[in-house]
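The values are calculated or read from the model by the stated rules, or taken from the named source; none is laboratory data. The structure presented is a predicted model; accordingly, all values stated were derived computationally and were not measured. Cβ coordinates were reconstructed from backbone atoms using ideal geometry, including for glycine residues, and neighbour counts include every protein chain displayed. Accessible surface areas use protein heavy atoms only, side chains included; no ligands, DNA or RNA. Shrake-Rupley method; radii C 1.70, N 1.55, O 1.52, S 1.80 Å.
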Amino acid sequence: MALTGLEIFKLLPKTNCKKCGMPTCLAFAMQLAQKRAKLDDCPCVSEEAKQTLAAAAAPPMRLVKFGKGERGVQIGQETVMFRHEEKFYSPTVLAVTVSDKLTGEDLKKRIESINALQFERVGAKIGVNAIAVINDSGSADAFAAAAAQAGESSGLALILVSQNPSAIAAAVGKTAEATPLIASAKADTVEAMAKIAKENNCPLVAQAESIEALAELTEKIKSQGVEDIVLSLETRSLRDQLYGLSRMRALSLKKVFRPLGYPTLSFVTDGDSDQQAVAAASLICKYSGIVVVDTVEPYAFLPILTTVMNIFTDPQKPVQVEPKVYSIGEPDKNAPVLFTTNFSLTYYTVESDVEASRVPSYILVVDTEGTSVLTAYSGDKLNEKAVADAMAKYNIEGQVSHRKLIIPGYVAVMSGKLEEATNWEIMVGPRESSMLPKYLQEVWK
Ligand code: SF4
């Protein structure tokens, strides 16, 4: 069990030397108890106390990694129940199934269609992270062959799904270099599966029908020397899955119950693409570290991936683009100059509408700490000084021969002061970005 702040305090040197950055040892102990400080921050703690404190210092949820190189993934190490309390750390890994009943061209096409599930949204690359090879055939050889091909034809991380230890051993034998995630150990296979995981240094999924059975299973796996464990609940309904995942999260984070202090995996393989997208998005919110789906319909992945992106964005750091002057097309000295803020969603909306106008332009992006135009204006982060400073800093004057600045219609009220601050003619653009193509083609001359 986790130690309380006072229990930790009793083990500290109590010199209040402040080397840890805290004013007192008691303050440091309280931070450590809440997982907001690291034991290493105190250089004075004794080795003996370190060992006792290790349990309190360890994160409540283990970080588990699998896959190799650039496409390797990690899950876990979450510290809070709700994003607004701090932030979520490890974005949900999205995996797609490949049945080992597929062979030849069919197998190749399935893997290719999964590899292609990569997209770009507000300047970020998002996509499927893993392939889950499923031992539908019941044959160890077929499973190993499909796993080997998935490993060779895709840089994505691998999840090997079979209840048969012999099939897992055969597939791991072909893919061990890629550090696959082994799924799954159950009560009757735990020893054999843990042995394979230990020998090949692979993480292992523990699967059971109840939270209590899962806790027992992880203890057995750990006793065999496997530390990297992923939890999977076998439940019939999405409701039960969400309830179970929420309970496990609370037990691991709030109670620091170590047998459940691991990330989780859920299968969403029933229903059509729409139903899978809805279930996957729900499980991402509450609290699945890996979601395995069956569909390869690109349209179904956009809401799923957008959910991952939104849930795992740091709420204190809006997604931002770099403040500077962006060239759209090949603008010359007569090209229009517009400004907007560095909130990603705002910038990319304006960028795509300017592109759609086919009028080569410059977009000046003003640093508003990642807030949108109206939010920045009402918070006084977007004012005539901020715009004039950005114009000077990024030397927009040197890039065009005219002195006309198109401003967002929502901040038309800035026109007068902005004209005074910049000596540029201010042109009030449309309120909605979607009207920019018409504006640039018809109003801008
Ligand atoms: Fe106490 Fe260690 Fe912090 Fe010094 S560095 S104040 S001894 S906790």
Exercise. Among (1) closer than 23 Å to Thr189 by Cα; (2) under 25 Å from the mean Cα position of the chain (by Cα), where does Ala215 come up short?
Worked result: (2)
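Determine whether region 48-67 contains at least one residue that is more than 14 Å from the ligand (Cβ to nearest atom), among the aromatic types (Phe, Trp, Tyr) and touching a Gly at 6+ places or on another chain (Cβ under 9 Å). Talk me through it step by step, then tell me what you get.
In the first step, residues of region 48-67 are kept if they are more than 14 Å from the ligand (Cβ to nearest atom); the result is 48, 51-52, 54-55, 58-67.
With among the aromatic types (Phe, Trp, Tyr) added as a condition, the list becomes 66.
Applying the additional criterion that residues be touching a Gly at 6+ places or on another chain (Cβ under 9 Å) yields 66.
Checked against the condition, which is being more than 14 Å from the ligand (Cβ to nearest atom), among the aromatic types (Phe, Trp, Tyr) and touching a Gly at 6+ places or on another chain (Cβ under 9 Å), region 48-67 yields at least one hit.
Which count do you get for residues in region 292-305 that are open to solvent by less than 30 Å² (accessible area, probe 1.4 Å) and either under 30 Å from Ala390 (Cβ atoms) or acidic (Asp, Glu) (or both)?
Initial filter on region 292-305 (open to solvent by less than 30 Å² (accessible area, probe 1.4 Å)): 292-293, 295, 300-301, 304-305.
Narrowing the set further to residues that are either under 30 Å from Ala390 (Cβ atoms) or acidic (Asp, Glu) (or both) leaves none.
Residues meeting the conditions: 0.
Each row is one residue, and each column tells you yes or no for (1) hydroxyl-bearing (Ser, Thr, Tyr); (2) more than 19 Å from Ile284 (Cβ to Cβ); (3) modelled with pLDDT of 95 or more.
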{"residue": "Leu181", "(1), (2), (3)": "no, no, yes"}
{"residue": "Thr189", "(1), (2), (3)": "yes, yes, yes"}
{"residue": "Glu212", "(1), (2), (3)": "no, yes, yes"}
{"residue": "Ile221", "(1), (2), (3)": "no, yes, yes"}
{"residue": "Arg236", "(1), (2), (3)": "no, yes, no"}
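Only one residue in Leu181, Leu238, Leu251 is open to solvent by 10 Å² or more (accessible area, probe 1.4 Å) and under 24 Å from Gln276 (Cβ atoms), so which one is that? Steps first, answer last, please.
Details: Leu181 fails: open to solvent by 10 Å² or more (accessible area, probe 1.4 Å); Leu251 fails: under 24 Å from Gln276 (Cβ atoms).
When all the criteria are applied, what remains is Leu238.
With respect to Lys65, determine if the residue is surrounded by 14 or more Cβ atoms within 10 Å (Cβ to Cβ), closer than 23 Å to Val291 by Cα and charged (D, E, K, R).
Numbers: surrounded by 14 or more Cβ atoms within 10 Å (Cβ to Cβ): yes; closer than 23 Å to Val291 by Cα: yes; charged (D, E, K, R): yes.
When the stated conditions are applied, Lys65 passes them.
Every residue, every condition in (1) part of a loop (DSSP other than H, G, I, E, B); (2) among the acidic types (Asp, Glu); (3) over 23 Å from Leu251 (Cβ atoms); (4) near the ligand (Cβ under 8 Å from one of its atoms), yes or no:
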site	(1), (2), (3), (4)
Glu7	no, yes, no, no
Lys10	no, no, yes, no
Lys14	yes, no, yes, yes
Cys17	yes, no, yes, yes
Cys20	yes, no, yes, yes
Ala29	no, no, yes, yes
Leu32	no, no, no, no
Arg36	yes, no, no, no
Val45	yes, no, yes, yes
Exercise. Name the residues in region 25-43 that are over 16 Å from Val80 (Cα atoms) and either open to solvent by 50 Å² or more (accessible area, probe 1.4 Å) or touching a residue at least 60 places away in the same chain (Cβ under 8 Å) (or both), would you?
Worked result: Leu26, Met30, Lys38, Asp40, Asp41, Pro43
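Show me the strands (runs of 3 or more DSSP E) found entirely inside region 274-348 where at least 2 residues are within 30 Å of Asn383 (Cα to Cα). Write out each step before concluding.
Numbers: elements: 290-293, 325-328, 337-341.
Once the strands (runs of 3 or more DSSP E) in region 274-348 are filtered for at least 2 residues that are within 30 Å of Asn383 (Cα to Cα), what remains is 325-328, 337-341.
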